[in-house]
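Undergrad: Structure in structure tokens, see below.
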Amino acid sequence: MVKILIIDDNPTCRKVLKIYLELIQHCRTEMASNGKDALDVIDNQTFDFDYIFTDIKMPTMDGYEFAEKYQGKAKLIAITAVHEFQLKNEKLSLFDKILIKPISKNEINELLNQDS
């Protein structure tokens, strides 16, 4: 079973992504509203995540800071509403993949199937 952590300060975005993931693949999902809470979720798990989907702009601890502090082996997927031409940032290399909102079910399916 694929284990996925969803980090986003918008509860609707978290819920929609969780629904997409569960429709596409049998998976276990956990959620957090910012990077700090996500690190707590990770510390309290007895397993490793396979994927972490994180928003970039969040209060308390944003996606960049989370990615810098994260020490695990999960694939880090940035999800953002910022358009690609605005994403010129050296910190983007912290992520394995960047998805632009709104994310489609097909994009998620392709991403998960790349590693199958």
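Each value in this text was obtained by applying a stated rule to the coordinates, not by laboratory testing. Please read all numbers here as calculations on a predicted model, not as lab measurements. Note: ideal-geometry Cβ built from the backbone for every residue, glycine included; neighbour counts use all protein chains shown.
Undergrad: Determine, for Cys13, Cys27, the number of other Cβ atoms within 10 Å of each Cβ, and report the residues in order from fewest to most.
TA: Fewest to most other Cβ atoms nearby, the residues stand as Cys27, Cys13.
Undergrad: Quick one: length gained pulling Asp40 to Lys15 fully straight, 0.36 nm per residue minus the C-alpha distance?
TA: Value of the extension gain: 7.0 nm.
Undergrad: Right, something else. Taking the Cα centre of the chain as origin and charging only Cβ (+1 Lys, Arg; -1 Asp, Glu), how large is the dipole, in debye to the nearest 20?
TA: It comes to approximately 200 debye.
Undergrad: I need the chymotrypsin sites (Phe, Trp or Tyr not before Pro) found in the range 17-71, filtered to DSSP loop residues with at most 10 other beta carbons within 10 Å of theirs.
TA: Sparse-neighbourhood loop chymotrypsin sites (Phe, Trp or Tyr not before Pro): Phe47.
Undergrad: Local charge sum around Gly72 (other residues, Cβ-Cβ under 15 Å, Lys/Arg +1, Asp/Glu -1)?
TA: For residues surrounding Gly72, the net value is -3.
Undergrad: Right, here's the next one. Across 5 Å bins from 0, what is the distribution of all Cα-Cα pair distances for the range 2-114, in whole percents?
TA: Whole-percent P(r) values from 0 Å outward: 2, 12, 25, 27, 21, 10, 2, 0.
Undergrad: Could you list Glu107, Glu68 in order of exposure, starting from the residue whose Cβ has the fewest other Cβ atoms within 10 Å?
TA: In increasing order of surrounding Cβ atoms, one gets Glu68, Glu107.
Undergrad: All other residues with a Cβ under 11 Å from the Cβ of Ala32 taken together, and with Lys, Arg as +1 and Asp, Glu as -1, what is their net charge?
TA: Every neighbour counted, the sum reads -4.
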